[in-house]
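Novice: Right, I'll just put the structure down here and ask away after.
The values are calculated or read from the model by the stated rules, or taken from the named source; none is laboratory data. Because the structure is a prediction, the values reported are computed rather than measured. Quick reminder, even Gly has a Cβ in these numbers, built from the backbone with ideal geometry, and neighbours come from all protein chains shown. Please note that ligands, DNA and RNA were not included when accessible areas were found on the heavy atoms of the full protein model with its side chains. Shrake-Rupley method; radii C 1.70, N 1.55, O 1.52, S 1.80 Å.
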Amino acid sequence: MTPRADPLTVEVVDLIGTVVARYYEEYEHAAAEHSLTGAQARVLSLLAVESLPMRRVAQRLKCEPSNVTGIVDRLEARGLVERRPDPADRRVKLAAPTDEGARTAERLRSSLDFAREPLGQLTVAERTLLKELLQRMLGLAPE
């Protein structure tokens with residue numbers, strides 16, 4: 001049997017849930033302003049960082065590859081994404097943003113005020129500590 005969580009842990013979990021819910025609400029709103037669904041915006045934002053095979057996009061977003069194929073098809077139809085051969089393995093196709101896709105991803109990123117504004121109220125030391133704590137929670141090595 002799992003031990004019961006202490007009240008502080010319950011409160012922290014609830015606050016994290018509230019932050020996540022508000023972030024996704026803001027993200028969906030920002031995506032809609034660019035005539036994108038939230039899923040399309042997440043794929044475009046991910047590809048703006050690096051071109052990836054669609055199966056890797058699916059792994060990163062924790063969804064089915066067939067879902068990613070449909071999302072990339074719609075982004076490609078809008079001229080925001082293109083499929084390119086992988087220079088390392090020409091049998092593999094990479095999804096990559098077009099120039100317009102990269103610009104759209106940047107506009108989307110800059111319109112996400114929810115996360116930026118509250119974080120701006122924290123000192124650099126507080127933001128650094130928060131980053132390190134989140135990395136530790138996720139099992140990521142600190143930068």
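Novice: Which one of 100, 117, 82, 132 is modelled with pLDDT of 95 or more, of a type outside the set (Lys, Arg), open to solvent by 60 Å² or more (accessible area, probe 1.4 Å) and part of a helix (DSSP H, G or I)? Explain how you work it out, then say what you get.
Specialist: Details: 117 fails: modelled with pLDDT of 95 or more; 82 fails: part of a helix (DSSP H, G or I); 132 fails: modelled with pLDDT of 95 or more.
From the options 100, 117, 82, 132, the qualifying one is 100.
Novice: List pairs: first residue in region 104-121 and closer than 15 Å to residue 46 by Cα, second residue at pLDDT 85 or above and in a loop (DSSP other than H, G, I, E, B) anywhere in the structure, Cβ distance under 7 angstrom, at least six positions apart or on different chains.
Specialist: Pairs found: 104/34; 104/80; 107/34; 108/34.
Novice: Name, by its number, the condition in (1) under 16 Å from the mean Cα position of the chain (by Cα); (2) assigned to a strand (DSSP E or B); (3) buried (at least 19 other Cβ atoms within 10 Å of the Cβ) that does not hold for residue 94.
Specialist: Every listed condition holds for residue 94 apart from (1).
Novice: Among 125, 105, which is the only one that is surrounded by 13 or more Cβ atoms within 10 Å (Cβ to Cβ) and part of a helix (DSSP H, G or I)? If you could, list the steps in order and put the result at the bottom.
Specialist: Working: 125 fails: surrounded by 13 or more Cβ atoms within 10 Å (Cβ to Cβ).
Among 125, 105, only 105 is surrounded by 13 or more Cβ atoms within 10 Å (Cβ to Cβ) and part of a helix (DSSP H, G or I).
Novice: Taking the options 103, 109, 136, name whichever one is under 18 Å from the mean Cα position of the chain (by Cα), among the basic types (Lys, Arg) and within 21 Å of residue 20 (Cβ to Cβ). Show your work before the answer.
Specialist: Working: 103 fails: within 21 Å of residue 20 (Cβ to Cβ); 136 fails: under 18 Å from the mean Cα position of the chain (by Cα).
Step by step, each of 103, 109, 136 is checked, and only 109 is under 18 Å from the mean Cα position of the chain (by Cα), among the basic types (Lys, Arg) and within 21 Å of residue 20 (Cβ to Cβ).
Novice: Which ones in region 29-52 are closer than 17 Å to residue 67 by Cβ and of a type outside the set (Gly, Ala, Ser)? Can you show your working first?
Specialist: Let us first name the residues in region 29-52 that are closer than 17 Å to residue 67 by Cβ, namely 31, 36-47, 52.
Of everything in region 29-52, those that are closer than 17 Å to residue 67 by Cβ and of a type outside the set (Gly, Ala, Ser) turn out to be 36, 37, 40, 42, 43, 44, 46, 47, 52.
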